[in-house]
Amino acid sequence: MPKFHLQFKNSLPDYQPYLPFPSNSNLLVPGGLFIDPCFPSSLLDLVSPFKGSPPSKNTACVSRRQKHESVAVKDLFFLSVSLSSDGLVSEHKECHLQNELNKKNKGAAAQVKQKVRVTRRGAVNTTKHLWAGAIAAMVSRTFVAPLERLKLEYIVRGEQRNIFELVKKIALTQGLLGFWKGNLINVLRTAPFKAVNFYAYDTYRKQLLRLSGNEETTNSERFIAGAAAGITATVLCLPLDTIRTKLVAPGGEALGGVIGAFRHMIQTEGFFSLYRGLVPSIVSMAPSAAVFYSVYDMLKSAYLHSPEGRKRIQNMRQMGQDLNALDQLELGPVRTLLYGAIAGACAEVATYPFEVVRRQLQLQVQASKMGALATGLKIVEQGGIPALYVGLIPSLLQVLPSASISYFVYEFMKIVLKVN
């Protein structure tokens, strides 16, 4: 009984078709037929001479060659169908291979798209995280700029008047805006500094938690993460702080603003003058950030593990999306402000002497430059130990609201921006 083998292929003479059965097989007598690839498959039923046998399945495999490595076929379309009297259809192995390759390619493409989506989400989340810290710094620094100005008057200019007389002097000589003198450069310095600081602390803390395998970050891990965050932010943002100090120092008005001060320092003292006081800055900021973040996190953790804190978290979960941004604060608005103020005060008292030494180092010129230790000893010789804490009271008056507002705005903005 005759049998048929249909092949849809190109007519290039240098291509040798692959047959699913040997040419000398007594099971199948091959016959070739060249037709258009889009020819209707219903013709196959008409070609078959076995009307009495069950209808056979007619399979057409189309493979579009996209890469030379996929399938060794020279034409864009290749169709091969084998019909036998028992109704079985033998599909060309090349079709199976192409289907497997297509599946693998689709799987690989899906994995690549998934990685791209994850990377984009991570980048967007990082950007929002940095913006939360930057906005917190802008709001808090602008709010406490007058107090910051008073602190610099005591540290940099060596002001001897009491705080009330100093306020009166600034108001009479420079007007109300005099209290915000240097605030722009202060915001430009503080915004990236706080953004990097907050983000670095959260990142380091999560990495330490992952490495330790604990359920909650320990106090030592908080301390280490805070110190590392302070070092990272200091190295990246110290030049702006140096320029700001130069501007508020005597004669700083003649430098022509931020750009003028930058050019003056580069031309007269060299690029590394922007990093003057780096070592004492790191020595100051590392423990300051460590105390600030660890104290806040310890207070926060203690509250959240208390009965009152657990009840608040439970109520927040029950309310879900009905809560506004303020109500979504885990500590609540008042407690967030209070814990931020306590953390800021602890950090300021612990590291204030380093701040005084750092400011004095930034004011030194190249000819009379001294090291950090020599500068500290000189300050003690001239004014004793209390000289290392000169301006601490106005500094605390500035730090308390600044720290509380910065942490409050930071936590609030993380909720608003939906930072993960």
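Points worth noting:
- Note on region 324-363: residues that are over 30 Å from residue 387 (Cβ atoms) and touching a residue at least 24 places away in the same chain (Cβ under 8 Å) amount to 12.
- Some residue of region 177-186 being at pLDDT below 90, part of a helix (DSSP H, G or I) and under 21 Å from residue 289 (Cα atoms): yes
- Test: residue 356 is at pLDDT below 85, in contact with a helix residue (DSSP H, G or I) (Cβ under 6 Å, 6 or more places away or on another chain) and open to solvent by less than 40 Å² (accessible area, probe 1.4 Å): yes
- Filter result for the condition that a residue is in a helix (DSSP H, G or I) and closer than 22 Å to residue 129 by Cβ, over 171, 254, 261, 229: 229
- Contact annotation: residue pairs with Cβ atoms under 6 Å, 6 or more positions apart or on different chains, pairing a residue in region 397-414 that is under 17 Å from residue 288 (Cβ atoms) with a partner that is among the charged types (D, E, K, R), are 398/148; 398/151; 399/348.
- Of all the residues in region 241-271, those that are farther than 30 Å from residue 200 by Cβ, open to solvent by less than 30 Å² (accessible area, probe 1.4 Å) and modelled with pLDDT of 80 or more number 1.
- Residue in region 297-312 that is in contact (Cβ under 8 Å) with a residue 60 or more places away in the chain, under 21 Å from residue 403 (Cβ atoms) and aromatic (Phe, Trp, Tyr) present: no
- Put simply, of 274, 238, 304 the only residue that is open to solvent by 10 Å² or more (accessible area, probe 1.4 Å) and either of a type in the set (Phe, Trp, Tyr) or out of contact with any Cys (no Cβ under 9 Å at 6 or more places or on another chain) (or both) is 304.
- Any hit, region 148-167, residues being touching a helix residue (DSSP H, G or I) at 6+ places or on another chain (Cβ under 6 Å), in a helix (DSSP H, G or I), at pLDDT 90 or above and open to solvent by less than 60 Å² (accessible area, probe 1.4 Å): no
Yes/no per residue for (1) surrounded by 18 or more Cβ atoms within 10 Å (Cβ to Cβ); (2) outside any helix (DSSP H, G or I); (3) not polar (S, T, N, Q):
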site: 369; (1), (2), (3): no, yes, yes
site: 373; (1), (2), (3): no, no, yes
site: 398; (1), (2), (3): yes, no, no
site: 413; (1), (2), (3): yes, no, yes
site: 420; (1), (2), (3): no, yes, no
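- Positions within region 255-295 being touching a His at 6+ places or on another chain (Cβ under 9 Å) and of a type in the set (Gly, Ala, Ser), in sequence order: 256
- From the options 298, 316, 285, residue that is open to solvent by 20 Å² or more (accessible area, probe 1.4 Å) and closer than 26 Å to residue 369 by Cα: 285
The values are calculated or read from the model by the stated rules, or taken from the named source; none is laboratory data. Note that this is a predicted model, so its numbers are computed, not measured. Virtual Cβ from ideal backbone geometry, glycine too; neighbours counted across all protein chains shown. Just the protein is used for accessible areas: all its heavy atoms, side chains included, with ligands, DNA and RNA removed. Shrake-Rupley method; radii C 1.70, N 1.55, O 1.52, S 1.80 Å.
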